[in-house]
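Single-structure report; data block below.
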Amino acid sequence: MALRKIATQEDPILRRKARKVEKFDARLAQLLEDMAQTMYEANGVGLAAPQVSMLRRAVVIDTTEDRSGLLELVNPEIIEQDGEQEGPEGCLSVPDVQGFVKRPMHVKVRAQDRNGNWFEAEGEGLLARAFCHELAHLEGQLFTDIMEYEIVPEEEQEEE
Ligand code: NI
């Protein structure tokens, strides 16, 4: 496994649409493992392949506190969503920015695993938010595109 460099906001690769994964080979497995390691190292709850400069439809997510709930999603798509939640959201590619973002409360996705087998995964709250956030990266979208406002920390407000 190896850490990969996380692309930041200014990098145009984050604005491109990722391509479907067709080959379920050792390179894909390596990419997924590197992405997980990079996400954990950065203390993130999700990472999409374009964030490590790979335009492939692959994401990793782990919203558990003890970091035991790794999900690998290849060619993921949202098949159900309902409800609504509002709250702060951030991104490893947009360091130091938190925005107030509305998302569905409940999301069900369909995806392939690293061997190409289709499965479904379902999430509420933070996991539902992570599904939406990471899948948006595959379309070249960032949370800053849809945030209602930026959440400015209190210390910074006082300085002005
Ligand atoms: Ni992100």
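Could you grab the relative contact order for the chain? Cα pairs under 8 Å, six or more apart, rounded to a whole percent. Don't skip to the end; give the middle numbers.
Working: 328 pairs, mean separation 38.3, N = 160.
Computed over the chain, the figure is 24 percent.
Using Cα pairs closer than 8 Å and at least 6 residues apart in sequence, work out the relative contact order for segment 86-160, in percent.
33 percent
Please list, or write none, the lysines whose alpha carbon is within less than 27 Å of the alpha carbon of residue 5, excluding same-chain residues fewer than 8 places away.
Within the straight-line limit of under 27 Å, residue 5 reaches these lysines: 17, 20, 23.
For segment 89-160, take N as its residue count and report Rg(C-alpha) divided by 2.2 N^0.38 Å. Could you put the intermediate results ahead of the total?
Numbers: Rg = 15.3 Å, N = 72, 2.2 N^0.38 = 11.2 Å.
Its radius of gyration relative to the 2.2 N^0.38 Å reference: 1.37.
Among the aspartates and glutamates, which have Cα under 15 Å from the Cα of residue 102 when same-chain residues fewer than 8 positions away are ignored?
82, 84, 86, 89, 124, 134, 145, 148, 150
Let me check I've understood the local charge: for residue 75, count other residues with C-beta under 14 angstrom from its C-beta, Lys and Arg +1, Asp and Glu -1. What total comes out?
Details: positive: 17, 19, 20, 23, 56, 57, 110, 114; negative: 22, 72, 77, 113, 120, 134, 139.
Residues near residue 75 contribute +1 overall.
With Cβ to Cβ distances under 11 Å as the rule, what net charge do the other residues near residue 109 carry (K, R +1; D, E -1)? Before the final figure, lay out the partial values.
Working: positive: 108, 110; negative: 77, 80, 120, 122, 134.
Local charge sum for residue 109: -3.
GNM on the chain, C-alpha springs below 10 Å: top fluctuator among 83, 125, 46?
83
Rounded to whole Hz and in sequence order, give me ³J(HN,Hα) for segment 68-84 from the Karplus expression 6.51 cos²θ - 1.76 cosθ + 1.60, θ = phi - 60°, writing x for Gly and Pro.
With coefficients 6.51, -1.76 and 1.60, one gets 10, x, 5, 10, 10, 10, 10, 6, x, 9, 7, 10, 8, 7, 7, x, 8 Hz.
Once both axes come from the Cα atoms, what is the angle between helix 26-41 and the longest principal axis of the chain, in degrees from 0 to 90, rounded to 10?
30 degrees
Using the eigenvalues of the Cα gyration tensor, what equivalent ellipsoid semi-axes result for the chain when each is taken as the square root of five times the eigenvalue, whole Å, largest first? Don't skip to the answer; put the middle values down first.
On the way: eigenvalues 130, 68, 41 Å².
They are 26, 18, 14 Å, listed largest first.
Of the options 140, 93, 121, report the single residue whose Cα projects farthest towards the positive end of the charge dipole of segment 48-160 (beta-carbon charges: Lys, Arg +1; Asp, Glu -1).
Of the options given, the answer is 121.
Could you pull out the GluC sites (Glu not before Pro) across segment 82-132 that fall in loop regions by DSSP (anything but H, G, I, E, B) with no more than 11 other Cβ atoms inside 10 Å? Working shown, then result.
Details: sites: 84, 86, 89, 120, 122, 124; in loops: 84.
Counting only loop positions with at most 11 other Cβ atoms within 10 Å, the GluC sites (Glu not before Pro) in segment 82-132 are 84.
Treat the count of other C-beta atoms within 10 Å as a stand-in for reagent exposure and order 132, 91 from fewest to most.
With the fewest neighbours first, 132, 91 line up as 132, 91.
Collect residues whose amide H, placed 1.01 Å from N in the peptide plane, falls under 5 Å from the amide H of residue 91; neighbours closer than 5 in sequence don't count.
HN-HN under 5 Å from residue 91: 97.
Read the figures in this text as sums done on the coordinates, not as results from a lab. Computed from a predicted structure; not experimentally measured. As a convention, Cβ positions derive from the backbone with ideal geometry for all residues, glycine included, and neighbour counts pool all protein chains shown.
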